[in-house]
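First up is the structure itself, then whatever we jot down about it.
The values are calculated or read from the model by the stated rules, or taken from the named source; none is laboratory data. From a predicted model like this one, the values you see are computed outputs, not experimental measurements. Counting neighbours? That spans all protein chains shown, and the Cβs are built from the backbone with ideal geometry, glycine included.
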Amino acid sequence: MSVLLDEYTDAALRGDRAGAAMLATNFAGRDESCLDVVTQLLAPSQRDVGERWLRGECTVADEHSATFVTESVLSSLGVGLEAREPAGTVVMVCAEGEWHSLPARMATELMIAGGWRVIHLGPAMPAGQLRDYLADIEADVVGVSVTLASNLTGAARTVRAASQAGHAVMCGGRAFDSAGRRARAIGAHGQARDLTEPFVLDEMLWGEPLAVDMDADWAHLEYQRVEVVRDALSWLGTSDFADRVRSASWFEYVTAELGDVVAVGAAAMLCGDPTIVVQHRAWLEDRLAAVGTPVGVARDAFDAVAAVVDDRVPGASAFFV
Ligand code: B12
């Protein structure tokens with residue numbers, strides 16, 4: 001299997017759609033539901049692409065290329081297999097700010113394979129527009145996909161919009177923890193378990209959702225993200241950081257990374273889950289090491305935010321240590 005997976009991933013990365021499609025078709029064989037080909041080939045392949053990018057072995061352009069190929073393969077497998085009498089209707093959407101749409105696409109195909117009708121709304125849907133749309137829609141559940149933990153705050157707005165429109169909300173995606181702590185904290189009614197088995201909605205819902213305070217410190221921090229990044233940059237300017245990060249492109253990069261650090265901090269505050277920051281820091285260190293960034297940049301970024309953030313949101317620094 002791992003040979004086939006490598007062959008498929010290599011084909012996807014070089015944009016060889018025909019080659020990848022052939023490998024997927026061979027793999028699918030008589031599995032008309034496409035469940036296995038998604039969970040055992042396409043999803044692992046995309047995760048592998050992510051690991052290769054993380055190690056600096058492929059570029060963002062390669063990621064886009066692989067995504068195009070795998071999206072094409074996914075469509076060719078699923079179209080025409082919709083149930084005549086669906087088990088129910090799911091509206092699938094990516095959280096506000098979430099541009100990773102392929103995970104939601106895969107989940108959609110898996111649910112369709114399980115006999116559900118799915119209305120798929122795609123990436124980064126603004127919460128207000130979603131609420132208006134859902135007000136006129138009949139569905140059994142709204143599925144919200146979140147890949148980056150930094151988008152959990154946007155997801156809280158998405159979940160609220162769907163709830164206000166009268167729908168139950170089920171979350172899914174790699175931003176969530178297996179215990180469901182983060183999904184509960186953003187006000188969801190439930191969280192998807194593994195989709196390797198047919199989708200059974202009742203098993204994924206857990207009753208009354210939590211009321212989320214949308215005007216709490218996490219929201220204040222999120223709204224002041226630009227200001228916190230600016231303060232952090234001037235704090236870094238007073239250290240020897242500027243000497244170590246010499247070129248303008250590094251400066252741009254650090255600015256973007258600082259924005260992400262603030263965003264994961266806001267997500268950690270929202271969910272009451274410091275592991276969000278810990279995981280992001282470990283990931284950032286791995287990525288910086290792989291691309292040869294000056295040692296200590298990740299530590300500097302966290303130290304800078306921790307040093308300045310309390311001036312804007314008192315007590316927030318506790319989430320950045
Ligand atoms: C392709 C890709 C991209 C594409 C996205 C294209 C697209 N249309 O989706 C592009 C190039 C745009 C991209 C951009 C970025 N990406 Co990216 N990306 C990926 C990659 C390689 C694959 C994503 C994918 O297709 N996953 C498909 C499957 C594997 O996802 P899954 O979450 O397991 O989904 C399954 C279940 O969770 C479930 N599910 C998912 N959602 C839902 C919802 C419901 C309701 C239900 C029931 C189930 C369900 O069903 C799915 C199928 O089983 C991932 C690696 C990874 N491990 O996912 C990185 C990854 C997510 N990206 C990453 C990063 C850092 C980025 C960038 C910040 C930098 C970059 N690489 O360019 C930008 C940010 C863009 C932005 N502004 O948001 C990191 C995130 C790390 C972190 N800190 O969390 C990852 C993990 C790569 C890595 N290993 O470091 N990316």
Exactly one condition in (1) at pLDDT 90 or above; (2) under 23 Å from Met170 (Cβ atoms) is false for Pro198; which is it?
(1)
Single match in Thr39, Thr70 (criterion: within 25 Å of Val141 (Cβ to Cβ), within 11 Å of the ligand (Cβ to nearest atom) and part of a helix (DSSP H, G or I)):
Thr39
Out of all the residues in the range 191-200, which are within 18 Å of Thr89 (Cβ to Cβ) and more than 9 Å from the ligand (Cβ to nearest atom)?
Pro198, Val200
Are any of the residues in the range 129-138 farther than 16 Å from Leu201 by Cα and either of a type in the set (Phe, Trp, Tyr) or near the ligand (Cβ under 10 Å from one of its atoms) (or both)?
yes
Which numbered condition trips up Glu51, out of (1) within 11 Å of the ligand (Cβ to nearest atom); (2) outside the structural domain of Arg174 (by TED's automatic domain parsing); (3) touching a residue at least 60 places away in the same chain (Cβ under 8 Å); (4) not basic (Lys, Arg)?
(3)
Checking Thr39, Thr9, Thr25 in turn, the sole residue that is polar (S, T, N, Q) and surrounded by 19 or more Cβ atoms within 10 Å (Cβ to Cβ) turns out to be Thr9
Residues of the range 254-306 that turn out to be within 19 Å of Gly50 (Cβ to Cβ) and not small (Gly, Ala, Ser), as a count
15
Considering residues of the range 37-80 that are touching a Cys at 6+ places or on another chain (Cβ under 7 Å) and within 18 Å of Ala113 (Cβ to Cβ) only, the residue modelled with the highest pLDDT:
Leu77
Within the bounds of the range 165-172, is there any residue that is more than 10 Å from the ligand (Cβ to nearest atom), out of contact with any strand residue (DSSP E or B) (no Cβ under 6 Å at 6 or more places or on another chain) and assigned by TED's automatic domain parsing to the domain that holds Val90?
yes
Of all residues in the range 173-188, which are in a loop (DSSP other than H, G, I, E, B), more than 9 Å from the ligand (Cβ to nearest atom) and in contact (Cβ under 8 Å) with a residue 24 or more places away in the chain?
Asp177, Gly180, Ile186, Gly187, Ala188
Mind checking which residues of the range 149-172 are part of a loop (DSSP other than H, G, I, E, B) and in contact with a Gly (Cβ under 8 Å, 6 or more places away or on another chain)?
Ala168
Evaluation of Pro44 against (1) away from the ligand (no atom under 12 Å from the Cβ); (2) part of a helix (DSSP H, G or I); (3) surrounded by fewer than 17 Cβ atoms within 10 Å (Cβ to Cβ) (one fails), failing number
(1)
What tally of residues in the range 78-100 results from selecting those that are under 24 Å from the mean Cα position of the chain (by Cα), surrounded by 15 or more Cβ atoms within 10 Å (Cβ to Cβ) and not in a strand (DSSP E or B)?
6
Picking from Gly56, Gly78, which residue would you name as being more than 9 Å from the ligand (Cβ to nearest atom) and either in contact (Cβ under 8 Å) with a residue 60 or more places away in the chain or of a type in the set (D, E, K, R) (or both)?
Gly56
